[in-house]
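What follows is a single structure, written as structure tokens, with notes after it.
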Ligand SMILES: NC(=O)c1ccc[n+]([C@@H]2O[C@H](COP(=O)([O-])OP(=O)(O)OC[C@H]3O[C@@H](n4cnc5c(N)ncnc54)[C@H](O)[C@@H]3O)[C@@H](O)[C@H]2O)c1
């Protein structure tokens, strides 16, 4: 039987979720809510006629098989709490799970009260290039010793209500966007972080903008360095004024046997049409001995690629979430994974703000 989804938050990413659920067999968006009625209406049209609700409580009380939270970061915790009051259905909640350490206890209480699985949306895990990297990393490196994740990209896009311009709404750049990369670090290294140092800040972006007289305080770049409990080291390099770059993400890992690297271009819609076809993601293998570098393209089916800005990952994640709804699959990104990614981001923000090394103990 077709599973009915409710979408909470119908902005940019909410529309991407609708486009990808539309592609799934056995799933449809049948309810939407957004405080901006036009956005809820446009998501409803995109879904082929989902019911528009005027509140989360009404939406959650309707007959749904799953709920997807795609509101601004600082609303996630209250959305989770409200859903649990009215519905016991499985939830997919966008990252970051929360934005301030005080919210962790509320989250734990909510999770205890919710009878069904909760999956934290970490789309990067599901990019085909990253999945290919994961499949080959151990053979290629002989066990990773050093991991570098570099994101060089365009500045934060404008958002509904400009919520992403201020740390208090987003959790800070190292939480808001970098929780993806910290989640990947845990996934790739198979270890847990024990300490972090960082140098990061607001260098060029948004300094000429004001919102109700306030200049944004959101950071646009930096370096973050983690030590892991299994001896691996991992670094994030973030720069958000690198719009001219070919690759948005580059992930490199090196071990005693060799090196593996994946390069992922930015969203297709930002590629200048006069330059022809946008680049494909790539995977490179660099064995140490004999030295035989090999690079191959990682293709994504056009229909899936076109359904969002994240190289098909939103679709592949939804496929697996649907398995969970149908009782045929396990949650792959748990509440604990989501919490640890936030804690790594908050610790990195603290390390950079206070110029200290921060210990972590999961
Ligand atoms: N995983 C990814 O790759 C990825 C990419 C982009 C965004 N996101 C996440 O998705 C979420 C939404 O981001 P976006 O880019 O779509 O932002 P957006 O500003 O485009 O959309 C947010 C929407 O939520 C609505 N909203 C505001 N308050 C709300 C509330 N209390 N309850 C419900 N809806 C509310 C807004 O009106 C808006 O339409 C954020 O948490 C963001 O971090 C994830």
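The values are calculated or read from the model by the stated rules, or taken from the named source; none is laboratory data. Remember, predicted model here, so these are calculated numbers, not experimental data. Cβ atoms come from the backbone with ideal geometry, glycine included; neighbour counts cover every protein chain shown.
Number of residues in segment 249-279 that are in contact with a helix residue (DSSP H, G or I) (Cβ under 9 Å, 6 or more places away or on another chain) and closer than 26 Å to residue 221 by Cα equals 12. From the residues in segment 70-102 that are under 13 Å from the mean Cα position of the chain (by Cα) and part of a strand (DSSP E or B), which one is nearest to the ligand (Cβ to nearest atom)? Among those that are under 13 Å from the mean Cα position of the chain (by Cα) and part of a strand (DSSP E or B), it is 94.
Just the residues that are within 20 Å of residue 78 (Cα to Cα) and either touching a residue at least 40 places away in the same chain (Cβ under 8 Å) or assigned to a loop (DSSP other than H, G, I, E, B) (or both), please, taken from segment 28-63. Listed by number, the residues that qualify are 34, 35, 36, 53, 54, 55, 56, 59, 60, 62. If you check 21, 7 for being in contact with a strand residue (DSSP E or B) (Cβ under 9 Å, 6 or more places away or on another chain) and either near the ligand (Cβ under 10 Å from one of its atoms) or at pLDDT below 95 (or both), only one passes: 7.
Selection over segment 189-220 of residues that are in contact with a strand residue (DSSP E or B) (Cβ under 6 Å, 6 or more places away or on another chain) and away from the ligand (no atom under 16 Å from the Cβ) gives a count of 11.
Return a yes/no flag: does segment 317-327 have any residue that is outside the structural domain of residue 218 (by TED's automatic domain parsing) and either more than 30 Å from residue 5 (Cα to Cα) or assigned to a loop (DSSP other than H, G, I, E, B) (or both).
For segment 317-327, residues outside the structural domain of residue 218 (by TED's automatic domain parsing) and either more than 30 Å from residue 5 (Cα to Cα) or assigned to a loop (DSSP other than H, G, I, E, B) (or both): present.
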